[in-house]
Amino acid sequence: MSEGAVKKEEKPRKFQAIRGTRDLLPPETALWNRVEQTAHTVFGTFGFGEIRSPIFEWTELFARSIGAGTDVVSKEMYVLGLQHDNPTDRDLAHRRETLMFMVVSSSDKSTIDMFTLQTRKFCSDYEAALGKELVYADIGTKVALEYLKDSISYLVEDLLAQTRAGDWQERFDRTVALCKQYLELVEPTIALRPESTASVCRAYIEHGMNSLPQPVKLYYLGPMFRRERPQKGRYRQFYQIGAEVLGGSDAPAIDAEVIEMVMTFFDRLDLQGVQLDINSIGDRNCRPKYIELLRAELLKVKDQLGPDSQRRIETNPLRVLDSKLESEQGIIATLPRIADHLCEDCATHYAAVKHQLKMRGVFFRENWRLVRGLDYYMRTTFEITAQGLGSQNAVCGGGRYDGLVELLGGPPTKGIGFAIGEDRLILSLQESGKAPAQQGRDVYIAWMGERAHATAIRAAKVLRKAGFSVELPPVEQKFGKALGQADKLGAKHALILGDNEVSEGLWTLKTLADGSQAKYTEPDLLEHLRKTM
Ligand code: AMP
């Protein structure tokens, strides 16, 4: 069989949108636009300006801010250049990022041990991957790995020599710095953003926004990417509308105003069943002590908890409070509550936030089990749910993150923000019948004959300029067929232009709802349409 014949028989591949992604189509997109326009308007009235940041950044930015150990960074992030089906690639990139952030200080022996051990293992696994020519075959990477291995050998030597006097510490610090430099040379990766707070903070630092009048109030909207298991209300490309207040003070009125702004936005959209939950999760002073207390209490009831919660006792005991497992609810209800263990500053701040919310007429429910999934939150945290969303009913999450800008290399900066899940917001609006109906045309122009075509083109121009939505068929149709077509498209009016209309200079307008029709001059027609629509 000739090559040509084979080609003929091949069926072209049918492409479909990738799992967890979807097309947004009209008329639904009209609702998306209305939601986004409302965000621009409402946030503008609160003095917020829009920021548009890139949808990909250095993986490091997210690893450092969200936390290398969180699910979002370690499991769900789309790291570019990786073959996602290959666990080795993913694992290597993740381990590199983790090593980059491991704080190694000569006084902390266990971290040093872990760092050297893990870096050595990283080098050998990376080399094995290179040997199999998996992904990275770049000569620079190979050289960097060699140097990294050498530096690690020095580090281990120094570690063994820890008891020796002299310039041990200085040499040690230098070697650690070198290791990090070489790690940096091993293919720093970029990732699709799983959220935008880190990008906004990066931009705040990069553009020296701390020299602007404080606080700086920014909002954003756009797609985010997380490799989660898709279901209703949960996608791999999803959209967020969010805002951040950076710099200035941490006055409770700022927390309250940010929350008031989201609630105003939801109110303007007439979102149904809105429920605001708030909590304070303390700060660097009080949270660690509470976590230890919680861990101790959880250990006492470990046998009665499921495997996820058992694991979390070690990794992140706060997350046990998030558990939805029916069998664990009774136990969780008896656990110590953070509100009873806040330090004085945090308790005062929390009380003032609640007072401020009341002053603004914002209804809230205190929820001591509300702990946010991302590492950087402190003090005020909040979550908003809406109706019609099933298990994925959170439409907005937010909180205070005073240390984040500093963690990313900027000056000490206060910060608070939120992110709304736009997909879920839209779903909830649709469920409660707030979606606009099929987007119909205002006027369908039914024309016949060459002269009428010229008039039709002019009429379309005039009507569109006046803001009406106009359908101008490209080819001549019998009037009966044209009216049928107008009906199918949901047009309100049909403008009938034939030889008679052109010679009389009077245009026939048929109202499709009741079948009535009348003749108008061009200016009268515009006047009539303006009045009736
Ligand atoms: P987070 O950035 O995790 O605090 O999420 C803030 C909000 O974004 C959530 O309350 C959800 O409404 C929305 N969201 C988060 N992940 C997804 C997802 N995979 N699909 C759709 N919406 C999401």
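If amide hydrogens are placed 1.01 Å from N in the peptide plane, which non-local residues have theirs closer than 5 Å to the one on Tyr239? Those lying under 5 Å, H to H, from Tyr239 are Met224, Glu422, Asp423.
In the chain, carbon and sulfur make up what percent of the accessible area (probe 1.4 Å)? Within the chain, the accessible surface is 52 percent carbon and sulfur. In this structure region 289-341 gives 59 Å² per residue of accessible area when probed at 1.4 Å with all protein chains present.
Mean separation of Cα pairs under 8 Å and 6 or more residues apart, divided by the residue count, gives the chain a relative contact order of 15 percent. Phi angles across region 417-422 convert, under the Karplus curve 6.51 cos²θ - 1.76 cosθ + 1.60 with θ = phi - 60°, into 3J(HN,Hα) values of x, 8, 9, 9, x, 5 Hz, Gly and Pro given as x. Take the Cα of Ala454, step 7 Å toward its Cβ, do the same at Ala128, and the gap between the two points is 8.1 nm.
On a per residue basis, region 450-533 carries 59 Å² of accessible surface, using protein heavy atoms and a 1.4 Å probe.
Prolate is the label for the chain, because a/c, from the alpha-carbon gyration tensor with a ≥ b ≥ c as root eigenvalues, is 1.5 or above and a/b exceeds b/c. Counting only protein heavy atoms and using a 1.4 Å probe, the accessible area of Asp303 comes to about 150 Å². For the chain, give me every cysteine whose Cβ has no other Cys Cβ within less than 4.7 Å, ordered by residue number. Result for the chain is Cys123, Cys179, Cys201, Cys346, Cys396, no neighbouring Cys Cβ within the cutoff. Packing, as the average of other Cβ atoms within 10 Å across residues, places the peptides 56-69, 27-40 in the order 56-69, 27-40, highest first. If R0 is taken as 60 Å, the Cβ-Cβ distance between Ala17 and Ala351 corresponds to a FRET efficiency of 0.80.
On full extension, the segment bounded by Glu28 and Gln329 gains 104.5 nm, given 0.36 nm per residue less the C-alpha separation. For region 310-433, averaging the sequence separation of C-alpha pairs within contact (under 8 Å, six or more residues apart) and dividing by the residue count gives a relative contact order of 17 percent. Computed over protein heavy atoms with a 1.4 angstrom probe, the accessible surface ordering of Arg96, Arg22, largest first, is Arg22, Arg96. The residues of region 354-422 have, on average, 38 Å² of accessible surface per residue, using a 1.4 Å probe with all protein chains present. Legend: distances between Cα atoms for Lys217/Lys434; Lys488/Lys531; Lys324/Lys414; Lys465/Lys510; pairs beyond 28 Å are Lys217/Lys434; Lys324/Lys414. Karplus-based coupling profile of region 35-41, in residue order and whole Hz: 4, 5, 5, 5, 4, 4, 5, with θ = phi - 60° in 6.51 cos²θ - 1.76 cosθ + 1.60 and x standing for Gly or Pro. Partner lysines whose Cα lies under 20 Å from the Cα of Lys142, excluding those fewer than 8 positions away in the same chain, are identified as Lys121, Lys132, Lys180.
Mind checking the dipole of the chain: about its Cα centre, +1 per Lys or Arg Cβ, -1 per Asp or Glu Cβ, Debye to the nearest 20?
Once rounded to the nearest 20, the dipole reads 1120 debye.
Here Glu76 and Lys478 are evaluated by their C-beta separation; at R0 = 51 Å the FRET efficiency comes out at 0.35.
Across every pair of different alpha-carbon atoms, what Kirkwood hydrodynamic radius in Å does region 443-532 reach?
Over region 443-532, the inverse of the mean reciprocal pair distance is 12.8 Å.
The values are calculated or read from the model by the stated rules, or taken from the named source; none is laboratory data. Because the structure is predicted, anything quoted here is derived from the model rather than measured. Using ideal geometry, Cβ is built from the backbone for each residue, glycine included, and neighbour counts are taken over all protein chains shown. Note: accessible area is taken over every heavy atom of the protein model, side chains too, but ligands, DNA and RNA are not part of it. Shrake-Rupley method; radii C 1.70, N 1.55, O 1.52, S 1.80 Å.
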